[in-house]
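Peer 1: Structure in structure tokens, see below.
The values are calculated or read from the model by the stated rules, or taken from the named source; none is laboratory data. Remember, it's a predicted structure, so these values are computed and weren't measured experimentally. Here the Cβ positions follow ideal geometry from the backbone for every residue, glycine too, while neighbour counts run over all protein chains shown. Accessible surface is based on the protein model in full, side chains and every heavy atom, while ligands, DNA and RNA are left aside. Shrake-Rupley method; radii C 1.70, N 1.55, O 1.52, S 1.80 Å.
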Amino acid sequence: MPATTATKPRKRSTKAPAKDAGKARLLSLADLDRRTKAARAAFELRDRLVADLGGEDMISTMKMQIVDAAAVMGAMLTDCAARYLTGKPIDLAEYTTLANAQRRLLADLGLERQAKDVTPDVTSYMATKAAEKAKAAA
């Protein structure tokens, strides 16, 4: 007769399921209330990047995703650098990885500032000219 090994029966978990174990709730930057220093730093960098790219109306959704990621990485890098400069130990591999990832994202966006297009559309241009003409005639 072949040898068999006895297996222990599995114990059932007595833990209650977590209350939020239902649907996954994905957070976004819009969910943050900007009260923490980290959130303020990330949003400040985000706003500066958006301005450098010519304003929000000039940025595609895809570029905005890159801007958000670069801004969060920038806040993380600033925090890590501040810790290092105050004498606290940091993970240099993590810092270097973040710095390289942010550099690649910023290179994808373009490292040069973009001028904001201030050329009026045809309708507003014509309305301005008509108002100037009416004012000159009066």
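Peer 1: Report, to one decimal in Å, the Kirkwood hydrodynamic radius for segment 22-138 based on all distinct Cα pairs. Working shown, then result.
Peer 2: Details: mean 1/r = 0.0575 Å⁻¹.
Taking the inverse mean of 1/r over all distinct Cα pairs, segment 22-138 comes out at 17.4 Å.
Peer 1: Right, something else. Give the accessible surface of segment 19-129 per residue, rounded to a whole number of Å², with probe radius 1.4 Å and ligands, DNA and RNA excluded. Working shown, then result.
Peer 2: Values: 8600 Å² over 111 residues.
Counting only protein heavy atoms, the per-residue value for segment 19-129 is 78 Å².
Peer 1: To continue, here is another question. Mind jotting down the three principal axis lengths of segment 66-111 based on Cα atoms? Whole angstrom, largest first.
Peer 2: For segment 66-111, the Cα extents along the three principal axes come out at 34, 16, 14 Å.
Peer 1: OK, next. Ranking request for peptides 92-99, 39-46, 128-135: highest mean number of other beta-carbon atoms within 10 Å first, then the rest in descending order.
Peer 2: 39-46, 92-99, 128-135
Peer 1: For ALA101 paired with ARG34, estimate the spin-label separation in nm (one decimal), with each label point 7 Å from Cα along the Cα-to-Cβ line.
Peer 2: Each label point is offset 7 Å from its Cα along the Cβ direction, giving 2.5 nm.
Peer 1: Note the direction-averaged projected area, equal to a quarter of the hull surface, for the Cα convex hull of segment 18-78, in nm².
Peer 2: If I average the Cα hull's projected area over directions, I get 5.6 nm².
Peer 1: Follow-up. If the cut-off is a Cα-Cα distance under 12 Å, which aspartates and glutamates reach LYS23, setting aside same-chain residues fewer than 8 apart in sequence?
Peer 2: none
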